[in-house]
1. Tell me, what is the 1.4 Å probe accessible area of C:HIS93, in Å² to the nearest 10?
2. Under the Kirkwood approximation for Rh and a Cα-based Rg, what ratio Rg/Rh is obtained for region C:289-400?
3. Helix-only mean residue ellipticity at 222 nm, chain C, DSSP H runs n ≥ 4 weighted -39,500 (n - 2.57), per residue, nearest 500. What is it?
4. Treat each spin label as a single point 7 Å out from the Cα along the C-beta direction, and report the B:GLU63 to B:HIS154 distance in nm.
5. Going 7 Å from the Cα of A:PHE101 along its beta-carbon direction, which residues of region B:59-87 have the amide nitrogen within less than 17 Å of the resulting point?
6. C:PHE384 versus A:LEU199, label points 7 Å from Cα toward the beta carbon: distance in nm?
7. Along each principal axis of its Cα atoms, how long is region C:191-279 end to end? Whole angstroms, biggest number first, please.
8. Enter the angle in degrees (range 0 to 90, nearest 10) between the Cα long axis of helix C:306-319 and the first principal axis of the Cα atoms of chain C, meaning the one along which they spread out most.
Amino acid sequence: MRRVLSVFAALASLAATPALAAEGGPLPEHHWSFQGLFGTFDRPAAVRGLQVYTDVCAGCHSLSLVAYRNLADLGLSEDAIKALAATATVADGPNDQGEMFDRPGRPADHFVKPFPNDQAARAANNGALPPDLSLIVKARVGGPDYLYGLMTGYEEPPADFKLFSGMNYNKVFPGHQIAMPQPLSDGAVTYADGTEATLDQMAQDVTTFLAWTSEPELEARKRMGVKVILFLLVLSGLLYAWKRKVWAEVH
Amino acid sequence: MANSLQAGAATGHGPGAGGEATRRDFLVLATAALGAVGIASVAWPLIDQMNPAADVLALSTTEVDIAPVEVGQAITVVWRGKPVFVRHRTPEEIKSAEDTPLGDLKDPQPDSARVQKPEWLVMIGVCTHLGCIPKGQMPTDDKGEYGGWFCPCHGSVYDTSGRIRKGPAPLNLAVPPYKFLTDTSLLIGEAPDAKPATGEAA
Amino acid sequence: MAAPAFSNPIVRWIDHRLPIFSFMHHEMHEYPTPKNLNYFWNFGSLAGFMLITMIVTGIVLAMHYTPHASLAFQSVERIMRDVNYGWLVRYLHMNGASFFFIVTYIHIFRGLYYGSYKTPRELLWMLGVVILLLMMATAFMGYVLPWGQMSFWGATVITNFFTAIPIVGDAITTWLWGGYSVDNATLNRFFSLHYLLPFVILAVVGVHVMALHRHGSNNPLGIDMKGPQDSISFHPYYTVKDYFGIAVFLLFYAGFVFFAPNFFGEPDNYIAANPLSTPPHIVPEWYFLPFYAILRAVPDLWIIDAKLAGVIAMFGSIILLFFLPWLDHSPVRSARFRPAYRFFFWVLVLACLVLGWVGANSPDASFHGVPFLWIGRIATSYYFLHFLVILPILGYVEKPKPLPLSISEPVLKRTAYGAKTMEKA
């Protein structure tokens with residue numbers, strides 16, 4: 001059995017190798033509320049992160065896989081969700097006259113994209129395409145640490161660094177040249193819950209929120225996982241005892 | 001020793017003392033019970049995945065502009081993938097619906113229980129027999145002998161209140177939850193007390 | 001053997017007309033199995049268990065998945081977010097592929113170590129190689145379905161293998177794609193085949209088990225069963241051992257599904273496919289990494305250019321397994337009695353692990369100054385040397401250790417010794 005385990009470990013380390021291949025700088029170490037076997041999303045942080053997204057990120061970045069109704073997971077009330085959804089303008093139709101029309105958003109709608117299509121997004125952003133943020137934490141090596149590092153990683157380029165025009169220096173971004181100007185700075189938003197909006201605070205909050213949008217099933221998954229593992233431990237024990245009993249007469 | 005071992009191995013079942021047999025029986029029983037619980041717990045997600053998904057449950061309302069619908073006309077709108085009949089009833093239709101004695105009905109229900117405003121009848125346009133869509137929306141349609149709707153599949157006849165009068169269908173055409181947003185605008189999928197029809201917020 | 005008398009009258013009635021119960025009895029109760037199988041023999045049944053798991057979860061996913069280039073990515077995310085327990089089924093399937101390969105690779109190396117491919121089990125082994133090939137095709141096409149960046153570019157790279165074929169290569173590739181690049185037509189046919197192939201695997205597994213039951217399992221000693229004292233019935237001894245094995249295996253599987261579901265995956269596959277931008281590092285799933293390393297290790301050979309040579313070497317590395325029963329002609333099966341073979345076996349395991357590690361790294365990168373390209377070339381050379389040169393020579397020069405007379409002999413010795421010490425006490 002030990003040999004099986006070592007083979008398994010060897011395979012696991014093999015698979016892990018590509019994860020080390022990030023070309024950016026070292027990522028800051030940070031402990032996130034949603035890590036670990038029993039981790040859950042820090043709700044107040046995620047709700048603040050929603051505010052950072054809607055006040056800052058949503059100008060350029062879509063969140064198209066998330067629906068307003070999903071925000072109930074973060075503890076938003078039905079009325080709050082309706083109110084937030086209604087601030088968006090959703091294209092609908094055709095109506096009975098065959099025309100498309102705009103209406104206020106409803107909870108069942110997905111977050112409205114800031115640009116109608118990728119070409120429009122590029123045209124408005126100097127040719128760079130702001131990625132959709134729904135899965136961003138799962139879609140980047142380093143996950144939440146990368147995102148947090150990116151938000152807090154803007155600095156002056158080293159003297160010998162050749163920065164292309166229209167680009168910005170970021171110490172964790174692969175290649176260090178990023179088209180997005182520094183999105184967050186102290187006081188960029190005014191938090192509804194009165195928390196002081198420092199850069200570090202906002203970076204943590206928006207990372208927590210986007211970790212939730214990436215893996216909304218995380219809490220249910222871990223809760224179920226603990227039960228399943230405990231169940232399997234007991235089942236394995238019983239089966240082992242049974243196996244020993246059956247085999248007792250053979251050995 | 002060696003002989004008895006061979007014998008045990010050859011038959012596949014070694015003799016066990018009485019006490020051991022009970023312990024093994026208990027072990028087998030406990031393990032089998034736990035295994036059954038495990039299989040049942042795995043089966044449930046595999047079954048439940050076929051139930052409506054969260055996004056399907058959330059798409060629960062349809063808004064309808066009824067201003068252009070003249071008296072005597074009807075429109076069909078789509079709500080949750082099903083046709084909803086909205087008929088602007090004539091005074092004669094209303095009168096005939098209200099005057100029908102409940103004793104004549106297969107599924108007794110007064111007209112007042114089926115409408116919020118007597119001139120507007122809103123129903124799910126799906127025959128309660130086997131799910132066909134009854135005729136009666138278009139002016140040219142056969143409306144059946146009670147002036148309501150007629151289902152061509154198996155001949156069910158509905159009256160001007162959408163109640164079953166003849167044929168194999170067991171129940172009246174269903175009334176969906178709806179409310180009047182204004183005098184000329186309907187919201188289907190939400191009852192007047194402003195509660196959503198389904199737990200989509202959950 | 002005569003049909004057993006069943007006590008249940010319904011069973012008796014059915015069995016008289018359709019002898020499924022007699023068949024089960026014959027293949028489970030009467031089927032003699034060596035009594036000395038170790039836990040490495042659990043991996044066959046584990047592979048069967050994974051095949052069923054993949055088919056069941058796959059059928060469920062197909063109920064919600066949309067095989068269209070513009071909807072596939074969203075439909076997978078809809079499964080993850082909106083379908084009841086969709087995330088569970090999807091993660092079971094996604095990690096299931098990895099665990100299916102882990103189990104199968106251990107199963108294969110167990111066969112290599114104990115000489116399970118030797119006469120009279122050559123066909124059993126060759127059917128296993130067929131299953132491996134089918135599994136690889138199925139896994140590759142399945143990985144394309146989520147239509148993420150790795151899906152798309154993995155499909156592009158792998159289908160481009162066929163352009164290496166002289167003269168007709170481009171025509172074949174266009175035919176595979178159903179267009180001039182990997183696109184909706186490709187996705188559709190991959191979905192169709194990904195649904196079909198598992199059932200082909202299931203059928204070949206059936207034949208594999210038939211071939212197994214002809215002569216029964218090999219065993220750690222690699223010698224034939226000489227009589228009833230060497231065997232026990234499959235049921236209940238090995239059924240209960242298999243159950244236990246499955247429960248322990250599920251602990252590992254569940255550990256990844258619930259606590260590290262994306263461990264084996266690539267972050268890039270959570271970015272929707274973009275035909276205009278290749279991710280900086282394209283790597284296949286971990287279970288293809290050794291083959292990917294072989295593909296990239298081969299240089300221009302004589303008149304064959306590196307591209308074609310690499311593809312030939314990669315497919316050759318599996319095809320040569322078909323000839324293994326004849327390449328290794330030593331009459332002794334188990335490595336336990338073949339000291340030289342045992343040494344080379346572990347070198348082969350090491351070479352395969354190294355190939356996997358090289359496959360995960362860029363060929364122009366280097367490890368402590370040694371370019372990965374050269375590490376890959378050394379490991380690739382060893383892989384082919386092992387099967388094509390070392391094994392045939394070993395058959396002549398190796399002096400095996402003396403074999404025990406029967407399976408039960410060492411067991412009996414131990415029991416006799418135990419009895420003696422008992423007497424003393």
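The values are calculated or read from the model by the stated rules, or taken from the named source; none is laboratory data. Predicted, not measured: the structure shown is a model, and the values here were computed from it. Cβ placement follows ideal geometry from the backbone for every residue including glycine, while neighbour counts extend to all protein chains displayed. Side chains are part of the model used for accessible areas, which takes the heavy atoms of the whole protein and leaves out ligands, DNA and RNA. Shrake-Rupley method; radii C 1.70, N 1.55, O 1.52, S 1.80 Å.
1. Here the accessible area works out near 40 Å².
2. Details: Rg = 15.2 Å, Rh = 14.8 Å.
So for region C:289-400, dividing Rg by the Kirkwood Rh gives 1.02.
3. Values: 17 runs with 260 residues, N = 425.
That comes out to -20000 deg cm²/dmol.
4. Going from the B:GLU63 label point to the B:HIS154 one covers 3.9 nm.
5. B:61-70, B:75-79
6. Calculated label separation equals 5.6 nm.
7. Principal extents (Cα only, largest first): 66, 31, 22 Å.
8. Computed tilt is about 20 degrees.
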